[in-house]
Amino acid sequence: MNGPSLDMQLAARLRPHLAPAETLVWVGAPSPGRYLRGSGLNVVGGLLIGWLALGLLAQALGEADALGRLAAAFFGLNAGGASLYLLGRAGLAFLRGQCMVYGVTDARALLLYDGRPQRLFAYGPAQLGAPAAARAGSGTFDVFFADDPAAVPFMAPTGVFGRPAPEARVGFLGIPANDRARAALDALGTGERPDAERERPSGGR
């Protein structure tokens, strides 16, 4: 009987990093909004400060006094810079999520940051803990399974004002609420060899 299928585009991004005899069992990626979680204050703050910047710049244009015009322009430009920084941090968090690819093979659990610089974090059975799932919202879950401080800056969503949101463990963030990933991790941790999924066109995870 045919089992669940793999997303071909995600599988193709992981395949160059596999050993010759290694087989993909599961692939996935975070939901589009997962890496924006924790960036809400950045977005709200950026919009409010941007509105203030526009007001100050408009005041500078209408100010008759040269000193007042200079002061309003100075503070308006600085507020505009702060607004762009905060909104930019939220945008970078979203783009970082688009660069993440998750996978489980018959030998390792994989987290690939497919950006610049490209980084692959791999965890064999000896490095895996018991998978722990937590609801991430919108029908998705986070599944944590290892401790690796080196991976946190690549996988953790950006928090308030650009600081990494703390995650106690690393794992798969914002994946669909099904048991495929967790079952693959359980099988890897116990040394079983799970059935590999068939590849399918992109569009579902």
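The values are calculated or read from the model by the stated rules, or taken from the named source; none is laboratory data. Worth saying up front: this structure is predicted, and the values here are computed from it rather than measured. Cβ placement follows ideal geometry from the backbone for every residue including glycine, while neighbour counts extend to all protein chains displayed.
Points to keep in mind about this one:
- Positions within the range 86-128 being of a type in the set (A, V, I, L, M), touching a helix residue (DSSP H, G or I) at 6+ places or on another chain (Cβ under 7 Å) and part of a strand (DSSP E or B), in sequence order: Met100, Val101, Val104, Ala109, Leu110, Leu111, Leu112, Leu120
- Residues in the range 1-52 that are modelled with pLDDT of 75 or more and among the polar types (S, T, N, Q) were compared, and the one that is surrounded by the most Cβ atoms within 10 Å (Cβ to Cβ) is Ser31.
- Test: residue in the range 101-116 that is surrounded by fewer than 16 Cβ atoms within 10 Å (Cβ to Cβ) and without any contact (Cβ under 8 Å) to a residue 24 or more places away in the chain: yes
- Residues (surrounded by 20 or more Cβ atoms within 10 Å (Cβ to Cβ) and at pLDDT 80 or above) located in the range 117-139: Tyr123
- Lone qualifier among Ala60, Ala64 - being farther than 28 Å from Val25 by Cβ, at pLDDT below 80, more than 24 Å from the chain's Cα centre (by Cα) and not in a helix (DSSP H, G or I): Ala64
- Any hit, the range 81-98, residues being among the hydroxyl-bearing types (Ser, Thr, Tyr), at pLDDT 85 or above, out of contact with any Phe, Trp or Tyr (no Cβ under 8 Å at 6 or more places or on another chain) and surrounded by 13 or more Cβ atoms within 10 Å (Cβ to Cβ): no
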